[in-house]
Amino acid sequence: MPDAQQPLHVETRVVTLGRPSSEPDQPLNVPVTLTSTFIAGGDLEYGRYGNPTWTAFEDVLGDLEGGRCIAFASGMAAIAAVLDLLDAGSKVVAPRHSYTGTIGQLQDSERRGRITVEYVDIADTEAVVGAAEGAALVWIETPTNPALEVADVAAIAAGAHAAGALVAVDNTFATPLLQRPLESGADLVVHSATKYISGHSDVLMGAVVTATAEHAEAITSIRTLRGAIPAPLETFLALRGLRTLPVRLERAQSTAQELVRRLSGLEGLQEVRYPGFGAIVSIVLPTAEAADALASSVRLWRHATSLGGVESTLERRRRWPAEASTIPEGLVRLSVGLEHVDDLERDLRSALGA
Ligand SMILES: *Cc1c(COP(=O)(O)O)cnc(C)c1O
């Protein structure tokens, strides 16, 4: 056994945690437990309350984020569970460039009189902390999707807590390998596990990770009552994907950084946005038409929404009517995958006619 004094590296923990015990004939992987119910008298009882495949996934993601993980059916279900913690009439502070689905949920809740929302520039720490006065929750997404603004989580968490507000961070883009919001003082982390955690564009799943046992209990209770539970097979696939997150992200990030170097200053591109880490790059073309032409001309890059898979994908975000009108019409979000950087660059250049 490794020296108990020596903490294991994340690459080791992501592979070794969440497995059955090392005894003869135990399977190496936690099986997909396809059952709706369990023999009475134990901890599980029923498939909406718990499942051993969930537990394996939750043990690993919870360890990586440094908290307690509760798996959900999708990222949107995880976001809804956090908003469900709020009392009626609560004020929420949120980035004006949050993921469109997050904005959609906030607007829907506000329309129905459940909450009020103040939208902020999440990169403007002073403005965010100012808005936190009287708020019950400060929602952070960093980097934002697809504007790629970066928030100062530690400073916002300190200011928000001083104002008595909870802090939740959507950590989908950075993953716990590049950013651990709970260590910076956040109370809750949310993931669309559909993206980097699963990593192969074949699963929809989400998760909430909490700093305290009380929040874990409250979020688990919401999952049990509302029923937005993940399927065991999806959870198995998400855990299988999570095992390789460090190598996938390292390669995708280095390819993204190299692409940014090669694309900067390219004729036909108004802007190349990149926060310096991660594998999402947003490029801005002069017009929607130019961006649409790019999307329909690429051959290796696939024109599809979503991100974080081994396959490189791109899309013009403003093709969605719900996308914020402050996102440029010609902005194309690139999700850099694991193909060779030379092939990705050549395909983009040829589609741009550059
Ligand atoms: C995709 C996404 C979500 C929503 O997750 P689903 O798994 O699609 O429900 C939430 N936040 C961010 C940042 C996302 O990219």
- Item | Val203, Val15, reordered so the largest accessible area comes first (probe 1.4 Å) | Val15, Val203
- Residues whose built amide H sits under 5 Å from the amide H of Phe72, excluding neighbours closer than 5 in sequence, are Gly206, Ala207, Val208
- Note on the structure: per DSSP, antiparallel bridges as share of beta bridges in the chain, % nearest 5, sits at 55
- Message: Can you work out the Karplus-derived ³J(HN,Hα) for every residue in segment 27-41? Use 6.51 cos²θ - 1.76 cosθ + 1.60 with θ = phi - 60°, whole Hz, and x for glycine or proline.
- Response: x, 5, 9, 5, x, 6, 8, 8, 8, 8, 8, 10, 4, 5, x
- Task: Sort out for me the Cα centre separation of segment 284-309 from segment 159-181, rounded to whole Å.
- Result: 30
- Message: Using only the alpha-carbon atoms of segment 28-170 as identical scatterers, what base-10 log of I(q)/I(0) does the Debye formula give at q = 0.10, 0.18 Å⁻¹?
- Response: -0.43, -1.03
- Item | Sequence-distant residues sharing a close amide H with Val120 (under 5 Å, placed H) | Ala94, Arg96
- Hey, could you pull the Cα Rg and Dmax for segment 170-327, both in Å? 17.8, 54
- Item | Cα shape, segment 53-134, gyration tensor, a/c 1.5 rule | prolate
- Mind listing P(r) for the chain? All alpha-carbon pairs, 10 Å bins, whole percents. 5, 24, 32, 25, 12, 2, 0
- Let me know the shape class of segment 164-248, please: from the alpha-carbon gyration tensor, a ≥ b ≥ c as square roots of the eigenvalues, rounded when a/c is under 1.5, otherwise prolate if a/b is greater than b/c, or oblate. oblate
- For the chain, what are the DSSP H helices with axial Cα length of 15 Å or more and mean Kyte-Doolittle hydropathy of at least 0.0? 232-243
- Query: Hey, any idea what % of the chain's accessible area is carbon plus sulfur with a 1.4 Å probe?
  - Reply: 51
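Can you sort Asp59, Asp25 by 1.4 Å-probe accessible area, starting with the largest?
Asp25, Asp59
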- Task: Taking H placed 1.01 Å from N in the peptide plane, check which residues at least 5 places from Leu166 or on another chain put their amide H under 5 Å from its amide H.
- Result: Leu137, Val138
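Taking square-rooted eigenvalues a ≥ b ≥ c of the alpha carbon gyration tensor, is segment 279-354 rounded, prolate or oblate, where a/c under 1.5 means rounded and, failing that, a/b exceeding b/c means prolate?
Since a/c reaches 1.5 but b/c is at least a/b, the shape of segment 279-354 is classed as oblate.
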- Would you kindly derive the ³J(HN,Hα) couplings of segment 182-197 from the backbone phi angles with the Karplus curve 6.51 cos²θ - 1.76 cosθ + 1.60 (θ = phi - 60°), listing them in order in whole Hz, with x for Gly and Pro? 5, 5, 8, x, 5, 8, 9, 10, 10, 10, 8, 6, 4, 8, 5, 4
- Could you work out the local net charge near Gly337, counting Lys and Arg as +1, Asp and Glu as -1, over the other residues with Cβ closer than 10 Å to its Cβ? +1
- Query: Anyone know which of Pro275, Pro143, Pro24 comes out most mobile in the 10 Å Cα GNM of the chain?
  - Reply: Pro24
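The values are calculated or read from the model by the stated rules, or taken from the named source; none is laboratory data. For clarity, every value in this text was computed on a predicted model and none was experimentally measured. Reconstructed Cβ throughout: ideal geometry from the backbone, glycine too, with neighbour counts over all protein chains shown. To get the accessible areas, we keep the full protein, side chains included, count just its heavy atoms, and leave off ligands, DNA and RNA. Shrake-Rupley method; radii C 1.70, N 1.55, O 1.52, S 1.80 Å.
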